[in-house]
1. Expressed as a whole number of Å, what is the distance separating the alpha-carbon centroids of the range B:70-94 and the range B:273-350?
2. Distance in nm between label sites at A:ASN135 and A:VAL187, each 7 Å beyond Cα in the beta-carbon direction?
3. Scan chain C and note any complete DSSP helix (H) whose C-alpha atoms cover at least 27 Å along its axis and whose Kyte-Doolittle average is 1.0 or more.
4. Need one number: nm distance between label points at C:MET268 and A:LYS169, each 7 Å from Cα along Cα→Cβ, rounded to one decimal.
5. About the Cα centre of chain B, what is the dipole size in debye to 20, counting +1 per Lys and Arg Cβ and -1 per Asp and Glu Cβ, all else neutral?
6. Run the helix sum for chain B: -39,500 (n - 2.57) per DSSP H stretch of 4+ residues, divided by residue count, reported at 222 nm to the nearest 500 deg cm²/dmol.
7. Give me the extension gain from C:TRP179 to C:LYS282: residue separation times 0.36 nm, minus the current Cα-Cα distance, reported in nm with one decimal.
8. Between A:GLN9 and B:ALA338, with labels modelled 7 Å along Cα→Cβ, what's the label distance in nm to one decimal, could you check?
Amino acid sequence: MAAVTQSFQRTRRQKLQVFRGVIFVAAGLFFLVPLFAMFEFTTRGRLLTDPRNLDAWKSIATYPDLIAAIVASVELAAITSFAMLVLLVPTMVWVRLRLRRLNRIIEFICLLPLTIPAIVLVVGLVPMYQWMGINFSDSILTLAFAYVVLVLPYCYRALDAGLSSIDVKTLSEAARSLGASWFTVMVRVIVPNISSAILNACFLSVALVLGEYTIAQNLLYNNLQVEIALLGRANAGVSIAVSAASLLFAFVLLVLLSLFNRGRGRLRLDDLKQVMRTERG
Amino acid sequence: MKWSSPVRQLGLAVVAFLLVAACGSSPSSTAGCSSAKTATSASDCGGMNGLVAAANAEGALNVIALPPDWANYGAIITGFQAKYPSIKITSDNPNGSSQDEVNAVQQLGASNRAPDVVDVGMAVALANTSLFAPYKVALWNDILASQKEPTGLWFQDYGGYMSIGYDSSKVPAITALSDLLGSRFSGKVALNGDPTKANAALNGVMMASLANGGSLDDISKGVDFFHQLKGKGNFVPVQATTATVKNGTTPVVFDWDYLSAAHGTDVPTWKVFVPNNAILGGYYAQAISKTAPHPAAARLWEEYLYSDEGQNLWLKGLARPVRMQAMITAGTVDKTAAAALPPVSGTPVFLSATQATTASAYLGSHWAAAIS
Amino acid sequence: MMGGRRLSLNWLGAVPFLVYVAVFLLLPTAIITAGAFLKGDGSATLSNFQDLSRTYVISATVNSILLSALTAIVGASFGALLAYAIATGNPQGLLRRVVVSAAGVLAQFGGVTLAFAFLASIGPAGIVTLLAKQYGLYVYAGGFWIYDIRGLELVYLYFQIPLMVLVFLPAVDGIKPQWREAAESLGGTTWHYWRYVAGPLLAPAFLGCTLLLFANSFSAYATANALINQGGIILPQQIANALSSEVGLHEPGFAKAMAVTMIVIVVMVTVLYSLLQRRTSKWLQ
């Protein structure tokens, strides 16, 4: 009986590996070929007969304004991710625990930024930014207020998927009954269990901020993508090389960010129940 | 005591008068304009020196929609910064349209980041004169009356002729517009923008109309031509950029000759063709925002653009500067740059404001159907 | 009386979020909606909404809805498969980190550069097209499909699939091995496991992510504008034309009316999604 189960498990694992192999190869081809074509274009010389070179890439380093733009965009990415987490995670947990009726409304609100194209949204944001520019600050970092709204749809979805896969109610009630404050419940019970969702939400938020162009451009701020558009007018090779470089930069940043998720052991519900039972004696 | 108080009052009055006179006279020797916002010429600001001093005091200038490869604006910005190092230029929204420029002026009001000056197409300039401040540059008289607004609300700066740029290594030489209907041009012809949106594209369709029996009042022949081109599979709707030109996706582009010529840096075999029977010219216009955050710097920028140095830099970008005739007569024109301009034999025609409105109305209702 | 007080205190928890959203999202939306009722000179009018019946606006709306629906469903399906392939691997492994980071970057990759990446690879002058021509395969024998809706559908998948991976992966991560063991110990096959256990548990998240993909594709503009710069074939392009036209066709009120249409359409799709959620949970039980 055991031998049959083992061989059954083995064939299932083999089938899974074949499935994974096919999926990864297909996805790899679809996503990597256009990127390769971009890279190949940036290495072309001026004449068809010119040898390939990396001049386009080397010239990126000669633009000083780019550094300021990169710094501003990275700061914006950090601020936006942090603000998004602080705003969304407690609210979503609270809604699941106490305000179930608000769920659909929050879901729709978090979808709204995506229903309005950025070119129109900026028209509605301008009065706010005018007021802020006079009374608060003119700095490019005020873009974070708009960016938090822009990332809401994506981050809500990722966090929602994570929260729906754990039993928020039982976990929080158990922790509360053990005497934990709401802060402890959030930070030490819920967050470690949805770490993959939080990480993905941060990925989406960082990638969006680094790739955002329309709102920054229309509010006349020079963030990374606006600076890249300006640079790209120099020549064809540079315009593509600098975009590819920004993709690479975002990729490296996200890989580094993923190292933060060492996957602290998930607090299994059964362990918690065990702890509760022993506590109550 | 009673006698000394009127004497004291007189003494105080004299001292006060002297102080005011002293304060009143010092601005004219150091600060220049006290009201650069309303200065309508350099003399209102105490001459060029006063203007420069006031601009330096402001220390910044915001320009908008001036990509560095558009009529050599990159060199113009560098040139201005070299001449006036204490004025830092911020160049925003490089890919913006003329309408985006006035939108930004309206939306950002008088905030520090609002644009100071705009460089817009004639349609947008004429529709938005309420946003501009009147100013006449020093060499105002060199500009023809038809190319400027009498009080100085807008004044034309540079222009060129609508052309067909093409990569001679990928397509055969073009000698007439009808060549584009040939089989060698399958999937290769693009317009620079959508004519219902972009000024350059509207002029492209108008040029096609002129070459096919239409007139400045009738753009329908141009729309028909592009409909034919699409039917043959030669017209592609893709946005033509330096990258698509270089990699061969759009080897033929309808664009202003000075913009088209810029592709020569990427593609050494790039040629620019202006049909002899359809020389359609178009000029852009400068204007200073009424609510400019740096009014003195804005006016100094205009003085620079219309100086021989500024005009010759535009000429180097293969655009025709508005003072070109006057500079040729005075001998101050850059002769090598002038010789490099694409040759044009014939009299150019220009779209008037009403003709442009008629054309855009026709396009609004017929273009989408024609090229679908 | 106790219940009443508890309810009001509960609402406090949602206040920070609601206030932030009211200022930075609902207020701009209200400004835009108000602007849809104004003419150029500031007078009130309904003409902007009447103008919505222009033929090219209707065709752009239809195109937008079909394009978004197709890329949402196809993107969600492939994205879910890819997410499953990732989730069944080593959770700390390098492959997972690299693939998920790449998905993060590609989910927001778009615009002129994405269009060029496709043109440079399978465009009419692309390296893959030229290579195929050498072997006698003419990719564009049937016309230049990359320059119309079919091309957009393919290019949109490039960011839809990674987006699905990122938002759906946490749900797939939540699949517990005990479920599989339980299904097998009851004598179920793989089909039974997916149909009665994992499927129903993942369905709400799957539907929610598909809705997100729909909205994402619906409002996407820059990529379409780079590939199909003529004719305004999707609704966001019509809006941009109305806002930035420099040839006198500048109609900001009309642009806002079209934006309101987009919001209404997404509201309707969201309602459809809610109904679907409820029916799916009943049907799968």
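Computed from the coordinates by the stated procedures, all read-outs in this text should not be read as laboratory data. Just so it is clear, the model here is predicted, and its values are computed rather than measured. Please note: Cβ atoms are built from the backbone with ideal geometry, for glycine as well, and neighbour counts cover all protein chains shown.
1. The range B:273-350 and the range B:70-94 have Cα centres separated by 17 Å.
2. Spacing of the two 7 Å Cα→Cβ label points: 3.3 nm.
3. Qualifying helices, which must be both long enough and hydrophobic enough, are C:55-87, C:149-173, C:199-219.
4. 3.6 nm
5. Working: 23 positive and 25 negative charges, 77 e Å.
With only Lys, Arg, Asp and Glu charged at Cβ, the dipole is about 380 debye.
6. Calculated at 222 nm, the ellipticity per residue is -12500 deg cm²/dmol.
7. Computed gain between C:TRP179 and C:LYS282 is 35.1 nm.
8. Distance between label points: 9.0 nm.
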